[in-house]
Amino acid sequence: MHLVGHILKIPLDRNQNGYEILSQDYFGTLGVSRSSFSEARAQLSWEAFEFLLSELQKLPELGDGRWRGLRVFAGDGTQLSLPHTPEILERFPLSTCPQNRTHYPKALALCLVNVLTGVPLTFDLQRSPGWSERDGLKRLLGKLEKHDLLLLDRGFDGLPMMRELSNRHLYFVIRQRSDPAGSGIKKELRRFLCSGRKWQRVRLKTETRSLSITLLRADEKDRDGLPILLATNLPKRLLHKRREVIELYKNRWSIETFYSRTKSMLAIERFHARTYNGVLQEIWANFFVLGLTAYLARMSAEEFGTEFAVSRPNFKAATKAVERALPKIVKMSQEGRDPQQILHLLLKQISALLVRRRPGRHFPRICKRPSSKWTPLGNKNRPRNATQKKRALAAKQQKGKRA
């Protein structure tokens, strides 16, 4: 149990200390040696931390953990830099393309996160490049229950993905490409965009397949001035208000916050391990720590009467509180004692530092980095400043008139 506690302390310590200092901080006295710790963790499978995360899913739901009785998840991927060792390179070889070749091997991690609780469900790790997020999502769909709701970005649009989710009896809300002049947009979506309607039931068709979905248009526009278009297969009994589904989709950003905390707050890419088993141990430990902290933050809000919609515990301070309490909880559990007293003190420490929930953004998201001669003027994905944004929008409007 102390070995598991040591590995869980690695992400809580932001991967900034070696094994011996980590062990001293854990026990508060002289810890174990570096070689002993390395030999011990080599005998522990990474599946132990996958089991811990699955046990976290079984805890009682807190607060508004569901939307109209449905669990709501977001799926997305991120790229991780792994240690440059022979064992890692065997599973994650470097790219053969000179332009994409790097010193550290790259892996694509795709995770499913409950956007209402902040607790991750599962994740998959595959080589990058050479692996798509769509394939990774299909591998993880078996972990979901019937009638779970998925929030997905434009990278997962298209009729094949929608049919795959519908065949598995899963609900989805997927953002669609909304440039009327775009070549990849389907004619049914183009007609809906040109009609000016706010919602419509349509049937997407190919040569052999078809699917009935509902299209929703948001009142606001994205940073490129294009309408925000969503496609969903939610039944009519759940589609009471268009705005309610659009507000629910905004929770998809929780998975981006999750990855940001993983990389910046916990510094996941500073791996201590140099083996495949050790790397998976630390990744699963990172995800478990984030899920446990999110659960304890909601638990403290319920116990001390904090309105989670208005203010919430500071997440970074909550991770430090978990780090301080972890050795005591493990020791008491190992001795067969009930750690309820420490748990109450931990929840009180988490609720001591609150931050107000930030209001919505009142200005368009524009990258203000200085442009260079290599930056295309009409880059629709990332306009560099206000002037270039105006020129890009004027070029799109002119292109639409010609079409």
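Among the residues of the range 301-330, those identified as among the hydroxyl-bearing types (Ser, Thr, Tyr) and either touching a Gly at 6+ places or on another chain (Cβ under 6 Å) or farther than 25 Å from MET1 by Cα (or both) are THR306, SER311. The set of residues in the range 183-227 that are out of contact with any Lys or Arg (no Cβ under 6 Å at 6 or more places or on another chain), part of a strand (DSSP E or B) and among the hydroxyl-bearing types (Ser, Thr, Tyr) is empty. In this structure, LEU121 does not qualify as in contact with a Gly (Cβ under 6 Å, 6 or more places away or on another chain) and of a type outside the set (Val, Ile, Thr). Taken over the range 262-294, the criterion of being touching a helix residue (DSSP H, G or I) at 6+ places or on another chain (Cβ under 6 Å), among the aliphatic types (A, V, I, L, M) and not in a helix (DSSP H, G or I) is satisfied by LEU266, ILE268, ALA273.
Residue-wise test of (1) charged (D, E, K, R); (2) in contact with a strand residue (DSSP E or B) (Cβ under 8 Å, 6 or more places away or on another chain); (3) surrounded by fewer than 14 Cβ atoms within 10 Å (Cβ to Cβ).
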position	(1), (2), (3)
PHE51	no, no, yes
PRO60	no, no, yes
TRP67	no, yes, no
LEU70	no, yes, no
PRO83	no, no, no
ALA107	no, yes, no
THR117	no, no, no
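Scanning the range 236-261 for residues that are of a type in the set (D, E, K, R) and in a helix (DSSP H, G or I) yields LYS236, ARG237, ARG242, ARG243, GLU244, GLU247, LYS250, ARG252, GLU256, ARG261. Among the residues of the range 19-54, those identified as in a loop (DSSP other than H, G, I, E, B) and touching a residue at least 40 places away in the same chain (Cβ under 8 Å) are GLY28, LEU44, SER45, TRP46.
Counting the residues of the range 166-200 that are of a type in the set (Val, Ile, Thr) and modelled with pLDDT under 85 gives 1. If you filter the range 156-175 down to residues that are basic (Lys, Arg) and in contact (Cβ under 8 Å) with a residue 40 or more places away in the chain, you find that the one that is surrounded by the fewest Cβ atoms within 10 Å (Cβ to Cβ) is ARG163. A single member of LEU141, LEU137, LEU165 is within 20 Å of SER210 (Cβ to Cβ) and either in a helix (DSSP H, G or I) or not acidic (Asp, Glu) (or both), and it is LEU165. Step by step: first the residues of the range 126-155, then only those that are of a type in the set (A, V, I, L, M, F, W, C) and surrounded by 21 or more Cβ atoms within 10 Å (Cβ to Cβ), then the one that is nearest to LEU82 (Cα to Cα). Which residue is that? My answer is LEU137.
Restricting ARG68, ARG127 to residues that are of a type in the set (Lys, Arg), in contact with a helix residue (DSSP H, G or I) (Cβ under 6 Å, 6 or more places away or on another chain) and touching a residue at least 24 places away in the same chain (Cβ under 8 Å) narrows the list to ARG68.
Results for (1) over 30 Å from ARG175 (Cβ atoms); (2) at pLDDT 90 or above, shown as yes or no for each residue.
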position: PHE73; (1), (2): no, yes
position: PRO98; (1), (2): yes, no
position: TYR104; (1), (2): yes, yes
position: ALA109; (1), (2): no, yes
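The values are calculated or read from the model by the stated rules, or taken from the named source; none is laboratory data. Predicted, not measured: the structure shown is a model, and the values here were computed from it. Ideal geometry is used to build each Cβ from the backbone, glycine not excepted, and the neighbour counts take in all protein chains shown.
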